[in-house]
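The values are calculated or read from the model by the stated rules, or taken from the named source; none is laboratory data. These numbers come from a predicted model, not from an experiment. Please note: Cβ atoms are built from the backbone with ideal geometry, for glycine as well, and neighbour counts cover all protein chains shown. These accessible areas exclude ligands, DNA and RNA; they are computed on the full protein's heavy atoms, side chains included. Shrake-Rupley method; radii C 1.70, N 1.55, O 1.52, S 1.80 Å.
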Amino acid sequence: MKITDTSDLWWKTSVVYCLDVETYLDSNGDGIGDLTGLGSRIDYLADLGVTCLWLMPFYPTADRDDGYDVTDFYGVDPRLGTHGDLVEIVRTARDHGMRVIVDLVVNHTSDKHPWFVAARRSKTSPFRDFYVWRDEPPENNVNAVFPGEESTLWELDEKTGQYYLHSFYSHQPDLNIANPTVRDEIAKTIGFWLQMGISGFRVDAVPFLIEVPEGKEFADPHQYLRDLRQFLRRRSREAVLLGEVNLPYREQTAYFGSGKGEELTLQFDFNGMQAMYLSLARSDPRPLAKALRARPAIATEAQWANFVRNHDELTLDKLTDKERDEVFEAFAPDERQRVFGRGITRRLPPMLGGDPRRVRMVYSLLFSLPGTPVLFYGEEIGMGENPDVAGRLAVRTPMQWSDARNGGFSTAAPSRLAAPLPEGGYSPAHVNASAQLNDEESLLHFIRRLAARYRISPEIGWGEVEILEHDAPSVLAHSVSADVGRMIALHNFADEPARVTLSLAEEPDGTQLSNLFGPDRFELDDRGRVECELPAYGWAWMRVARPGDGRIG
Ligand code: NOJ
Ligand code: CA
């Protein structure tokens, strides 16, 4: 693949960092993180190597789904700050080489949104058709998204006697995208935030958004995504749509616009992520290798967003029941560490028993897999979850800045914090950014190095992946190649050392393999073979330095 103009397609090689303003840093001591607090950490994020900040919902909200229940698409939650504060963040971030993308949550609104409040007043309300109504619920009125928390898909509105659709919680009525006025409102929302200087959107729940409810007229749901993308392009040359599409690979192709790149710009790789956990549980790289081979081809402008953990449950819904049980058994043996029958509520380090070798191996994978890495705040310092908080919120605890009171997140009384900090081994006394900033050997410094190597290796973001054959069953060897060159990575999934022999006979004479994380080289013999020793859970990145290619690192 040819890397034509990398600055144009910035998302092909970006390092994305997701955070919730509410839990990042509180500047005024009310216990709630805010935009001013975030503003004072832009340097920290730039030093980490982040090039794109993804802000979770910061809009006015009824706050029954951590901000994913929006009451005003154009607003800023006053607890977090003002539009002025947001624009300052966007500008400061830009000065530090970072773009900002924001959550676009338009599959539904909060039931407290003025549109829904008006819609449910009467069947003749001009806002009635903003939502999806029917006289009787269908036979299958079972909520599959939040089993155990939410039983129905259709909720009776007592006053008007009709049922409304809610794909998620009953307080999140689905918008009706078959209504052109609703589509216009969504477009206006997008236009508004673009004018504020943001560089795109993480689009919430895309398959639900474009699903046309039974009985509604709307020819082609994917046409709607194409329209959104075109609108975005007309308004901004650089803006992206990073879509949440947790579907099998073959169905994801359509969301990229079937190879033409006309719909979502990026999609999270939920399938690869789940396969990675199965590989970790089995100490066997084959599930991950299989997933990488199964990834559909995508257009040049499109991109996969790789992640280890996000703000939701670590979903294992794409695994078979038996595979899911294996992962549960390995990483969430206690029923309380699971949710919805399909996911885990823990962060990575506790799942891996705090083993730094394994944790680092996983992040080395994250940054070396073809695509764009996405970090969830706190991963860079190895934060754990708070097991005392039930469900998905267990991983959304305050950022741990120091070992001071409240982990340096806030000066408020602990009882007033947006979320309670974990106690014990993962408390701020043991895991915090300040201590790690002063320790070159820390996970934080390690992640910085990964981000820096990723940035000088654009073949990872742009390249074609190849799974290399060899003789060490516990090791994944993958290579990514683009016109700039080639990088090979090795990852040992087992708790014992491994010796790998790779054959690179196709490389030209005089090719050398430099170690991207050390001063040494890996020597190729005269038959083009290289032998590498990896420690237990060891890993290596090798730059294929061809004669005269002039690459660094
Ligand atoms: C997906 C978000 O990631 C999740 O946190 C939220 O609850 C649902 N969408 C509903 O908006
Ligand atoms: Ca505050």
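Listing for the model above:
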read-out	value
Residue check, residue 353 surrounded by fewer than 20 Cβ atoms within 10 Å (Cβ to Cβ), modelled with pLDDT of 95 or more and among the small types (Gly, Ala, Ser)	yes
Options 423, 385; residue that is modelled with pLDDT of 95 or more, among the charged types (D, E, K, R) and buried (at least 24 other Cβ atoms within 10 Å of the Cβ)	385
The stretch 98-144, subset in contact (Cβ under 8 Å) with a residue 24 or more places away in the chain and of a type in the set (Val, Ile, Thr), residue farthest from ligand 1 (Cβ to nearest atom)	100
Those residues of the stretch 145-174 which are of a type in the set (S, T, N, Q), touching a strand residue (DSSP E or B) at 6+ places or on another chain (Cβ under 7 Å) and away from ligand 1 (no atom under 15 Å from the Cβ), in sequence order	162
Subset of the stretch 26-46 that is among the hydrophobic types (A, V, I, L, M, F, W, C) and farther than 22 Å from residue 413 by Cα - its residue that is nearest to ligand 2 (Cβ to nearest atom)	42
Residue selected from the stretch 27-67 under the condition of a type in the set (Phe, Trp, Tyr) and in a loop (DSSP other than H, G, I, E, B), by the criterion farthest from ligand 1 (Cβ to nearest atom)	58
Residue in the stretch 250-260 that is crowded, with 21+ Cβ neighbours inside 10 Å and outside any helix (DSSP H, G or I) present	yes
Strands (runs of 3 or more DSSP E) enclosed by the stretch 143-231 - at least 1 residues per element that are more than 21 Å from residue 57 (Cα to Cα) and open to solvent by less than 30 Å² (accessible area, probe 1.4 Å)	154-157, 162-165
Verdict on residue 419 being part of a loop (DSSP other than H, G, I, E, B) and touching a Ser or Thr at 6+ places or on another chain (Cβ under 6 Å)	yes
